[in-house]
Amino acid sequence: MNDFENTAAQQSAEKTVELAVSGGSLIRGQVRNIPFRLSVTIPLLGWRLLGLRDLRQGQLLLTGVSAAEDVPVSVGDALLGHAELDNVDGQMAVRLTRLD
């Protein structure tokens, strides 16, 4: 899904919620189908805006997280929980370790 589709889906979902709530009752089926994006945040150390100009493909970026630490998982601005990064058949994976 591209950014335009994401925006359209989000606007549609917002309208669905608005209609459901304004009618005085929650339409559960529509609310359950609202799309959302989970975000995993990996802090990078010592970056300045000037450094963005010098980024190169293949560059290794050091993180502020040890391999044993969990990273935050969010929905929008709300913290959902924490997770560890994993590799599953060559694909990056996120394993939820706790829900907050």
Task: Where labels lie 7 Å past Cα in the beta-carbon direction, separation of Leu60 and Arg98 in nm - done: 3.1 nm
Open item on the list: I need Asp100, Asp54 ordered by Cβ neighbour count within 10 Å, fewest first.
Closed with: Asp54, Asp100
Open item on the list: Just to be sure I understand the model, the point goes 7 Å from the Cα along the line to the Cβ. What's the resulting Trp47 to Ala78 distance in nm?
Closed with: 2.6 nm
TODO: Rank these for me by crowding, Leu52, Leu96, Leu60, Leu80, going from fewest to most other beta carbons within 10 Å.
DONE: Leu60, Leu52, Leu96, Leu80
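We did not get these values from a lab; they are worked out from the coordinates using the rules stated. Values in this document were obtained by computation on a predicted structure and should not be read as measured data. Ideal geometry is used to build each Cβ from the backbone, glycine not excepted, and the neighbour counts take in all protein chains shown.
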